[in-house]
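Comments concern the structure below.
The values are calculated or read from the model by the stated rules, or taken from the named source; none is laboratory data. Only a predicted model underlies this, so the values are computations on that prediction, with no experimental measurement involved. So basically every Cβ, Gly included, is an ideal-geometry build from the backbone, and we count neighbours across all protein chains shown. Surface areas here come from the heavy atoms of the whole protein model, side chains and all, with no ligands, DNA or RNA. Shrake-Rupley method; radii C 1.70, N 1.55, O 1.52, S 1.80 Å.
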Amino acid sequence: MAVELEYFRLFFEVARQENITRAAEALHLSQPTATIELHKLEAQLGIPLFIRHSKGVKLTPEGEYLYGRLSPVMSDLLELEAEAEDIGRLKTGVVRISFNNVPAQYTFQPFLEAFQTQHPDIMVQTHILPRSAVQSLLKTGGIDISFAGRPGDLPRPAIKQLPGVLQDSFGKIREFSLGIFEDVILAHNHLPVDTNNEVSFETLSHYQIIFTPEPDNRRQDYYMQFIRKSNLLNNRFLGLDNIDSILQLLSLGDFIAIVPGLYTSRHTPNRSIRFLKMKEPLLKTEYLLHYSAERHMGLAAMNFLKYITECMELDYQELPCSI
């Protein structure tokens, strides 16, 4: 005997309310329909469930037993329905995101903050992970989306042409370029630096340089080549991951800052901070996004992915997967 779940739900509500009319209203049914369905449930079970009286209904001993067994099940079901509605309205959920280094994490921090402003009840978890760990975690659900920064002025890494490797990677782990962005040089208004014309690192010889470090010192090594040519080895370098701290430090001393250009597209420095035009070419970084095409992401992660792909600052373009 298969009893429809809606019959049990109606029974549960009538027993709880001790009134068929109020229970019908709660379930958006008419009173006659509720009465007919209760009779069908009693007929299917072969036992009387309610005793009718002038003020409503009362459970029979058989009904009391069924209600006692059904109560915890229905309570869990109603709670699950409420949670499912919250997920559908993005009132709950988790997005698991990885970055290949701390500078990449801070670069995308304004994007994460803007998403959470729109969806304050969604939890965004961030992790710093090497590229070698990303593929397996994307496939198993350890992370939903991965961001990575790579040198934007170098050729893309060659994809290994081993039998089946390219076919296995492409289409399962999807890779997208979000664009190539050049570093920017920032200075505080109190520094006597010409912002209308191009300046060189030679003219910045008296200032300490703040930069966002890379794991392999790529950013520092890149700019050191210009400093060595200008014989400006007295420059002091200060590496800071937190770009908010960098902007604050600019106002406290004789500093200039080198930061990823993508960050300032969302986090515009205040009016006391100026952008410098440089004669030397600045470092470029390409930002990549990865996610698994073979695993179904949750609604929260899918909406975050949709949000990122619609950001005007980003140039969303699919590439053959290189991880």
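What nm distance separates the two modelled labels at Phe8 and Arg236, each placed 7 Å from Cα along Cα→Cβ?
It is 7.2 nm.
Subtract the Cα-Cα distance of Ser75 and His190 from 0.36 nm times their separation in residues, and report this length gain in nm to one decimal.
34.9 nm is the gain from fully extending Ser75 to His190.
What three numbers, in Å, describe the spread of the alpha carbons of segment 1-73 along their principal axes, ordered from the longest?
Cα extents, longest axis first: 26, 24, 22 Å.
Viscosity 0.692 mPa s, temperature 37 °C: give me the Stokes-Einstein translational D for the chain in µm²/s, with Rh taken as the Kirkwood radius over C-alpha pairs.
133
When 1/r is averaged over all different Cα pairs and the result inverted, which Kirkwood radius in Å belongs to segment 225-323?
It works out to 17.4 Å.
List the residues, sorted by chain then number, that are 5 or more residues from Ser322 or on another chain and whose placed amide H is less than 5 Å from its amide H.
The answer is none.
Between Arg266 and Leu319, take the C-beta separation as r, use R0 = 25 Å, and let me know the FRET efficiency to the nearest 0.05.
Step by step, r from the Cβ atoms, then E = 0.60.
What FRET efficiency would be calculated for the residue pair Asp254, Lys284, taking the C-beta separation as r and a Förster radius of 35 Å, to the nearest 0.05?
Step by step, r from the Cβ atoms, then E = 0.80.
Which order do Ser75, Ser132 take when ranked by solvent-accessible area (1.4 Å probe, heavy atoms of all protein chains), largest first?
So, going from the largest accessible area down, we get Ser132, Ser75.
Taking every DSSP beta bridge with both residues inside the chain, roughly what % is antiparallel (nearest 5)?
Looking only at bridges with both residues in the chain, the antiparallel portion is about 65 percent.
Using the Kyte-Doolittle scale, find the helices of the chain whose mean hydropathy is at least -0.5 and whose Cα atoms extend 20 Å or more along the helix's long axis, counting only whole DSSP H runs.
31-45, 61-88, 102-118
Over the chain, average the accessible area per residue using a 1.4 Å probe and give it in Å², no decimals.
On a per-residue basis, the chain sits at 53 Å².
How large, in percent, is the carbon and sulfur part of the accessible surface of the chain at a probe radius of 1.4 Å?
53
Label-point separation (nm) for Ser136 and Leu154, each offset 7 Å from Cα along Cα-to-Cβ?
2.5
Between Arg52 and Leu299, what FRET efficiency follows from the Cβ-Cβ distance if R0 is 51 Å, with the result rounded to 0.05?
0.70
May I have the count of lysine pairs in the chain with C-alpha atoms under 27 Å apart, counting pairs 8 or more residues apart or located on different chains?
The result is 14.
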